[in-house]
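What follows is calculated from the coordinates using simple rules that are stated; it is not laboratory data. The structure displayed is predicted, hence computed values, not measured ones. FYI the Cβ positions are ideal-geometry reconstructions off the backbone, even for glycines, and counts take in every protein chain you see.
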Amino acid sequence: MAVKKVEKIWMNGSLINWDEAKIHVLSHVIHYGSSWFEGIRCYETKRGSAIFRLDDHLIRLVNSAKMYRSEIPYTIPEMEQAIKDTIKANGLKSCYIRPIAYRGYGDVGVNPFGCPVDFTVAVWEWGKYLGAEALEKGIDVRFASWNRNAANTIPTMAKAGGNYMNSQLIKMEAIADGYAEGIALDVNGYVSEGSGENIFVVKDGKIFTPPFINSILPGITRASVMQLAKDAGIEISEMLIPREMIYIADEVFFTGTAAEITPIRSVDRMKIGTGALGDVTRELQKRFFAVVEGGEDPHGWLNFV
Ligand code: PPE
């Protein structure tokens, strides 16, 4: 299914037509995966259109580039403005936002220093990432045969284009086998994350999620869910999670900007808990959507357009 095209894309300082937002085939990013990006959602809340945790996403973007000795040629307030301008230019009330910085056209060869860092912002309408009924009914997933990137190889704390070669392997394998998504283990065999989601386990009323050392992306939704769990008085901790703990969990769910809070109803064709949306997952969804749809904002997460 093709992306739902809108009018304008912000590219290196100006809003241009969607169809003209092109780059040269010798751009460094195409050959070597040298990009850093974000996925952010703008929600139509009861109090107007608001971008969820915009600053936190842009800080992660700057840090992703920094890990690669690269600097985005715009400040965070400038990027924030570019994002809002792009949303307004396209007349969207809610959308998915994709800011991306990349090594562009200049020199050839692995050494990126001779290539500029370009920056663009695209927005589009994006519905439910893992299927229409996913949030309510849950999804069927498998453990991936591919591990996440090993420590000290490709930094997983960076949201970098190249990382998603690994994610694609995990995702394609899952889809090819009739699953919605894959759960990857890290190279030591501990639970890491999905191809584009962090993972949480509920056992005996407590919530567990893998720490950064398990080759995960430090998800903004993950951080939000940890806060919402605290607000709800539910115990939550970061823990090394062995694969088998997933099979015997009461509830398992994914979090991500695109996936939001998606329950997992089976793993490797084994039913998780009752196989239906669990109480803890439901409570966290309720609190999450009270913010992004209801416009309640006790933590200052909404940035109104
Ligand atoms: N892990 C990975 C590997 C990942 O890509 C994401 C986001 C997350 C965790 C969750 O992070 P956060 O969005 O900050 O809560 N994946 C994005 C890309 C999806 C895509 O297909 O592209 C997203 O959810 O926007």
Straight-line reach from K66: which aspartates and glutamates have Cα under 16 Å away, leaving out those fewer than 8 places along the same chain? E38, D56, D118
Go ahead and run the numbers for FRET between E133 and V25, Cβ-Cβ distance against an R0 of 41 Å, rounding to 0.05. 0.55
Tell me the angle of helix 279-292 to the major Cα principal axis of the chain, expressed in degrees between 0 and 90 and rounded to the nearest ten. 30
Extension length gain for D56 and E71 (0.36 nm per residue less Cα distance), in nm, is 3.7 nm
Could you tally the net charge around E7, taking each other residue with its Cβ under 13 Å from the Cβ of E7, Lys/Arg +1 and Asp/Glu -1? 0
Are there trypsin sites (Lys or Arg not before Pro) in the range 242-290 that DSSP puts in a loop and that have at most 14 other Cβ atoms within 10 Å, and which ones? R269
The range 210-278: GluC sites (Glu not before Pro) in DSSP coil with no more than 14 other Cβ atoms inside 10 Å: E235
Rh (Kirkwood, all Cα-Cα pairs) for the chain, Å, reads 20.0
Estimated [θ] at 222 nm from DSSP helical runs (n ≥ 4, -39500 (n - 2.57)) normalised by residues in the chain, nearest 500: -8000 deg cm²/dmol
Sequence order, the range 164-170: Karplus ³J(HN,Hα) from phi using 6.51 cos²θ - 1.76 cosθ + 1.60, θ = phi - 60°, Hz rounded, Gly and Pro as x, gives 7, 5, 5, 4, 5, 4, 5
Roughly how far apart, in whole Å, are the Cα centres of the range 145-174 and the range 215-246? 20
Per residue of the range 59-71, what does 6.51 cos²θ - 1.76 cosθ + 1.60 with θ = phi - 60° give for ³J(HN,Hα)? Whole Hz please, x for Gly and Pro, Karplus curve as stated. 5, 5, 4, 4, 5, 4, 5, 4, 4, 10, 6, 10, 10
Inter-part gap, Cα centre of the range 264-305 to Cα centre of the range 10-68, in whole angstrom, is 25
Taking the Cα centre of the chain as the origin and placing charges on Cβ (Lys, Arg +1; Asp, Glu -1), which of A144, S237, V117 is farthest toward the positive end of the dipole? V117
Excluding same-chain residues fewer than 8 positions from K5, which lysines have a Cα within less than 20 Å of its Cα? K22, K84, K88, K93, K128
